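The values are calculated or read from the model by the stated rules, or taken from the named source; none is laboratory data. The shown structure was predicted, so the numbers you read here are calculated from the model rather than taken from an experiment. Here the Cβ positions follow ideal geometry from the backbone for every residue, glycine too, while neighbour counts run over all protein chains shown. Areas reflect the complete protein model, heavy atoms only, side chains present, ligands, DNA and RNA absent. Shrake-Rupley method; radii C 1.70, N 1.55, O 1.52, S 1.80 Å.
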Amino acid sequence: TVRGMVFDERGFLYLTVSEGNTSARVEIFARTPDPVSGLTATFTDAGKTAATLSWDALAAGVTADAQAPVRDYVIEQTSDEGTTWTVVPSALSTATTFTVTGLDPDATYQFRVSAWNEAGNGDLAVASPVLPVPGTLTLVKSGNGAVAESAEEAVHVSAGSDVTFTYVVKNEGPSEVTDITLEDSVLGTVVAPEDFTGTLAADESVTFEATGLVAAGAYHNTATVRGTSIASLVTATDSWYGFGVAPHMTVVKAGDGVEVSSAAEAHHVQAGTGVTFTYTVTNSGNVPVSLDSVHDDVLGEISAPVGFSGTLGVDESVTFESTGTVAAGEYRNTVEVNGTAHDTTVTATDEWFGYGDVPAPTPSPTPGSAAPVPSGPGGKLPTTGGDLPVWLIGLGVAL
């Protein structure tokens, strides 16, 4: 016969038991479970017809202080601010999550959970359900494996070459995201991987891929991913910056300040005279060029001007100079300039045509021939009539 029942401050249950009329003893039962902690309640969707409860697990076995194993968690609900509580029907279970269904969207609910073992129930934990937090998408775009989120970080590639773009989309949670699509501001809709269903659970990710051409000069495109989570639109964007490298340079060769591009336009000079040649090199590309050599096929290597750093910025020019002798007859020489830009060899050439003139010899008098007739003033014989000048008559000139 049980004569009395009491719990102490530690949760132990004491029963006073009598046997017949003369003897009695005290039975001490195991401890009741610890209080439930970490209880949360979240509606499963915006309709608020179901809510998922979750809490921290308690010890599943006998503890050092004689707490018996948890056998079940008791779940209760109220919609009248706690005036009345109703046990939610559920099978015996030690699972730490449970979804309550059949809720009235217009009602205000509270839920409480307590652990149960053979000694009784532990203390209750209470929670009010909240609307779920939508998933959060992140997007990281890269081109040829490199991330470049600003013009200062632009990835340099050869102009006109294809770049492989990858787009890593991740759902940072806590809710799943569905109907995921991806748009690129330059390439348009990016096709999803074949095995992707369009849905990402929390902490899941998927990688899209596309290929696009990068033209000469600055390049910029932006990717945008969109999805739906808890009836809300969720988006993320990321940009990529590149630069299409188009190295190019020109050289203009002049002799005596004259540019000549064909033999028909050859520049005539007196044979054997020195000619000053200039070679104006211009960086006409879109990246700096480091000059490696300036070579004239007649005069050899041309030295750089004093103070030249060896590198030409975009649209910058530098003039080299040399002197050479033009021999008699046709003359032609070619300059070749070699440089390096973005690990690419850049070359420019130009030709110059000249002609070395030889003066005609002065003829010598032939023996027995008449002496040259002196001319009058201005180099001409007088033709105005009248008497011949005395000086002509004196020479015995026959007219």
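Here are the numbers for this structure:
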quantity: The chain: relative contact order in percent, alpha carbon pairs under 8 Å with at least 6 residues between; calculated: 10 percent
quantity: Scattering curve values for the chain, log₁₀ I(q)/I(0), Debye with Cα scatterers, q = 0.09, 0.11 Å⁻¹; calculated: -0.85, -0.99
quantity: Sum of -39500 (n - 2.57) over DSSP H runs of 4+, divided by residues of the chain (222 nm, nearest 500); calculated: 0 deg cm²/dmol
quantity: Protein accessible area in the chain, 1.4 Å probe - carbon and sulfur %; calculated: 52 percent
quantity: Computed accessible area, D72, all protein chains, 1.4 angstrom probe, square angstrom; calculated: 20 Å²
quantity: Among S262, A91, L58 the positive-end extreme of the charge dipole of the chain (Cβ point charges); calculated: S262
quantity: Under-5 Å amide H pairs with H220, H placed in peptide plane, nonlocal only; calculated: G242
quantity: Residue (of L299, G11, A151) at the positive-pole extreme of the chain, dipole from beta-carbon charges; calculated: L299
quantity: Amide H contacts under 5 Å for N333, placed H, 5+ residues apart; calculated: W352
quantity: Amide N of region 153-183 lying under 13 Å from the label point, which is placed 7 angstrom from the Cα of T197 along Cα→Cβ; calculated: 176-180
quantity: L131 accessible area, 1.4 Å probe, all protein chains in place, Å² to nearest 10; calculated: 100 Å²
quantity: Under Karplus coefficients 6.51, -1.76 and 1.60, residue-wise ³J(HN,Hα) of region 314-321 in Hz, glycine/proline x; calculated: 4, 6, 8, 10, 8, 10, 8, 8
quantity: Antiparallel %, DSSP beta bridges [both residues in region 137-244], to 5; calculated: 95 percent
quantity: Full-stretch length increase - T323, T189 - with 0.36 nm per residue and alpha-carbon distance subtracted; calculated: 42.0 nm
quantity: Unit charges on C-beta of K, R, D, E only; dipole of the chain, Debye; calculated: 220 debye
quantity: Per-residue ³J(HN,Hα) for region 304-310, Karplus 6.51 cos²θ - 1.76 cosθ + 1.60, θ = phi - 60°, Hz, x for Gly and Pro; calculated: 6, x, 4, x, 6, 6, x
quantity: Cα centroid separation, region 212-273 to region 82-117 (Å); calculated: 68 Å
quantity: Fluctuation leader among G285, G310, G102 - the chain, Gaussian network, Cα springs under 10 angstrom; calculated: G102
quantity: Rounded FRET efficiency, nearest 0.05, which uses the C-beta distance separating D292 from E316 and R0 of 22 Å; calculated: 0.85
quantity: Rounded to 5, percent antiparallel among DSSP beta bridges of the chain; calculated: 90 percent
quantity: Per residue, in Å², the accessible surface of the chain once ligands and nucleic acids are set aside, probe 1.4 Å; calculated: 56 Å²
quantity: Note, ³J(HN,Hα) from phi for region 182-197, Karplus 6.51, -1.76, 1.60, rounded to Hz, x at Gly and Pro; calculated: 9, 10, 10, 4, 9, 8, x, 5, 9, 6, 6, x, 4, 8, 8, 8
quantity: Region 274-343: GluC sites (Glu not before Pro) falling in loop per DSSP and having at most 14 other Cβ within 10 Å; calculated: E316
quantity: Enclosed volume per residue, in Å³, of the convex hull spanned by Cα atoms of region 195-329; calculated: 205 Å³
